[in-house]
1. Please work out the average accessible area per residue across the chain, using the 1.4 Å probe convention, and give it in Å².
2. Which of the helices in the chain, when you take each full DSSP H run, stretch at least 20 Å along the axis at their Cα atoms and have an average Kyte-Doolittle score of -0.5 or higher?
3. For residue 44 and residue 173, what does the FRET efficiency come to when R0 = 45 Å and r is the distance between their Cβ atoms, rounded to the nearest 0.05?
4. Consider all pairwise Cα distances in the stretch 212-336 and report the whole-number % of them above 16 Å.
5. If I measure Cβ to Cβ between cysteines in the chain, which ones have no partner under 4.7 Å?
6. Under a cut-off of 16 Å between alpha-carbon atoms, report the aspartates and glutamates in cross-link reach of residue 36, not counting same-chain residues fewer than 8 places apart.
7. Do the alpha carbons of any pairs in 299/326; 106/306; 13/87 sit beyond 18 Å of each other, and which pairs?
8. Report in % the part of the accessible area of the chain that belongs to carbon and sulfur, leaving out ligands and nucleic acids; probe 1.4 Å.
Amino acid sequence: TPVPAPDLTSCSKSKINRDEEVPYLCCAPKPDDMSKVPYYKFPSVTKLRIRQPAHAADEEYVAKYSLAIRKMKDLDKTEPSNPIGFKQQANIHCAYCNGAYKIDGKELQVHNSWLFFPFHRWYLYFYERILGSLIDDPTFALPYWNWDHPKGMRFPPMFDRQGTALYDERRNQQIHNGTVLDLGSFGDKVQTTQLQLMANNLTLMYRQMVTNAPCPRLFFGAPYVLGNNVEAPGTIEVIPHGPVHVWTGTAAGSTLPGGGRSHGEDMGNFYSAGLDPVFYCHHSNVDRMWSEWKAIGGKRTDLTQKDWLNSEFFFYDENKNPFRVKVRDCLDTKKMGYDYAPMPTPWRNFKP
Ligand code: C2O
């Protein structure tokens, strides 16, 4: 049986970890009648939104993007329960991933299984449309953090300007000095040159996209169906998706700016990850890897199981209307109205 959209009427507190609760409620605003929430239909697409690599963005784009995020953040002050506000949008991740929703008596978790790619694709789909509508630009597209290319293996500079809407205080301080990301590391540092690190990253990308993911089961992760969730994430979800989160967040156990002990905030914990604007840029590239993986060909195709195709999520659109969406409707980005600006994928030549 596929996983249905969560029932918001039974939403409760989320957990930061086994012993600590998130101090606020992450539940989405409840629609008047949950049973009447319609299925989403795509608005007609006149022009595709083209997602560009973040490191190459020009000032005009950065200004537009930060204005959109600024407007989203302003909603938090004037209408805290507006579902398209910045915090409400971040709370979507917190609710879906930290145990706020129960399905069939069990906590819903959209990570570590085949729900990972489709959930985040739909999440970004609406987020992007909300940003575009806040600045009246129907072609607005999110940037992607091009960490699979040497030019994108550092923190994207547009997010590192203090005082702007794209900045987040609760990040790893290493970010400021232009360190090269280690796509395979969950915290330990290996002594190596930047050049060697980039080469290692490319080899790693080859491994996760090609060698270790020859078929859908290994790329997407294990089935997640009602009553039976084996936790087994797909190749890209583990690496590099996980390390990029951990690298960007503050070190667990350190003191947070503003006080308190860190649980990896913001990017390094599910409940807070969406509070860092770079989250959506990171996930844009994760999403792009789904398209790139299919482009390699062979047995690299979408899953065909009905339990996957008919799984559902719940989201608000840019007009604050609630919808149910199905996995089967998110398999083609062009049909959804967006695509990725082509970028070379040098890792394809990095067979170990
Ligand atoms: Cu839902 Cu990158 O985590």
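1. Working: 14940 Å² over 352 residues.
Spelled out: the 1.4 Å probe surface of the chain, per residue, equals 42 Å².
2. Working: long enough: 59-78 (28 Å, -0.82); 116-134 (27 Å, 0.20); 278-296 (27 Å, -0.43).
Long hydrophobic helices here: 116-134, 278-296.
3. Details: r = 46 Å, r/R0 = 1.02.
So, using R0 = 45 Å, E works out to roughly 0.45.
4. On the way: 5552 of 7750 pairs.
Every Cα pair in the stretch 212-336 considered, those over 16 Å come to 72 percent.
5. Among the cysteines of the chain, those whose Cβ sits 4.7 Å or more from every other are 97, 215, 281, 330.
6. Partners within reach: 7, 312, 317.
7. On the way: 299/326 23 Å; 106/306 21 Å; 13/87 16 Å.
The pairs that break the limit, which is 18 Å between Cα atoms, are 299/326; 106/306.
8. On the way: 7850 of 14940 Å².
Carbon and sulfur atoms account for 53 percent of the accessible area of the chain.
The values are calculated or read from the model by the stated rules, or taken from the named source; none is laboratory data. Model, not experiment: these values are computed from the prediction. Neighbour counts run over all protein chains shown; Cβ positions are idealised from the backbone, glycine included. Only protein heavy atoms, including side chains, enter the accessible area calculation; ligands, DNA and RNA are left aside. Shrake-Rupley method; radii C 1.70, N 1.55, O 1.52, S 1.80 Å.
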